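Asks: Below you will find the structure I want to go over with you.
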Amino acid sequence: MKTVSDNKDYMDSISGIVAELNALVDAAYVQYSSCVDAILRDELTDIVQIEKVMDGLCDFGADERFLELYKRLCRHIYQRYPQLVGEHICWAWRQIWADMKAEDEDKRGESDVCS
């Protein structure tokens with residue numbers, strides 16, 4: 001039988017893991033901010049590298065800070081790389097909606113055979 005002490009130890013452990021994850025996300029934000037700043041200063045212009053930065057920002061899209069970086073980046077590079085920005089935004093949008101649709105189908109126990 002679990003005791004209150006066992007539950008407290010468990011919760012302390014989870015709290016520690018959450019704090020470590022938050023620290024990693026903060027470190028990622030610092031790194032991605034530097035990359036976006038380099039792109040905004042036209043120090044990083046390689047389209048492959050820019051796309052990798054965009055992909056990485058989307059990985060953290062649940063965090064408002066990363067979304068703001070992504071928007072700033074897209075606005076800055078749009079004139080130079082309109083196709084990249086358009087395709088990337090469409091890809092990201094589809095990923096979000098596909099995930100939401102899959103979650104909805106899981107909740108209902110249904111699947112869409114036409115997809």
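Asks: Among 13-23, 85-95, what's the highest-first ranking by average C-beta atoms within 10 angstrom per residue?
Replies: So the order, starting with the most tightly packed, is 85-95, 13-23.
Asks: For region 38-77, which GluC sites (Glu not before Pro) pass both filters: DSSP loop (anything but H, G, I, E, B) and at most 14 other C-beta atoms within 10 Å?
Replies: Here the GluC sites (Glu not before Pro) that fit, given the DSSP loop and packing criteria, are E43.
Asks: Within a Cβ distance under 15 Å of N22, other residues only, what is the Lys/Arg minus Asp/Glu net charge?
Replies: Result for the local shell: -3.
Asks: Here's a follow-up. If you filter region 24-83 for chymotrypsin sites (Phe, Trp or Tyr not before Pro), then keep DSSP loop positions with at most 14 other Cβ within 10 Å, what is left?
Replies: Y78
Asks: Another one. How much of D12 can a 1.4 Å solvent probe reach, expressed as accessible area in Å² and rounded to 10?
Replies: Probe radius 1.4 Å; accessible area of D12 about 80 Å².
Asks: Same structure, new question: Hey, for a label at Q79 modelled as a point 7 Å past Cα toward Cβ, could you say which residues of region 8-43 have their backbone N under 16 Å away?
Replies: Inside the label zone: 39-43.
The values are calculated or read from the model by the stated rules, or taken from the named source; none is laboratory data. From a predicted model like this one, the values you see are computed outputs, not experimental measurements. Ideal geometry is used to build each Cβ from the backbone, glycine not excepted, and the neighbour counts take in all protein chains shown. With ligands, DNA and RNA removed, areas are computed over all heavy atoms of the protein, side chains included. Shrake-Rupley method; radii C 1.70, N 1.55, O 1.52, S 1.80 Å.
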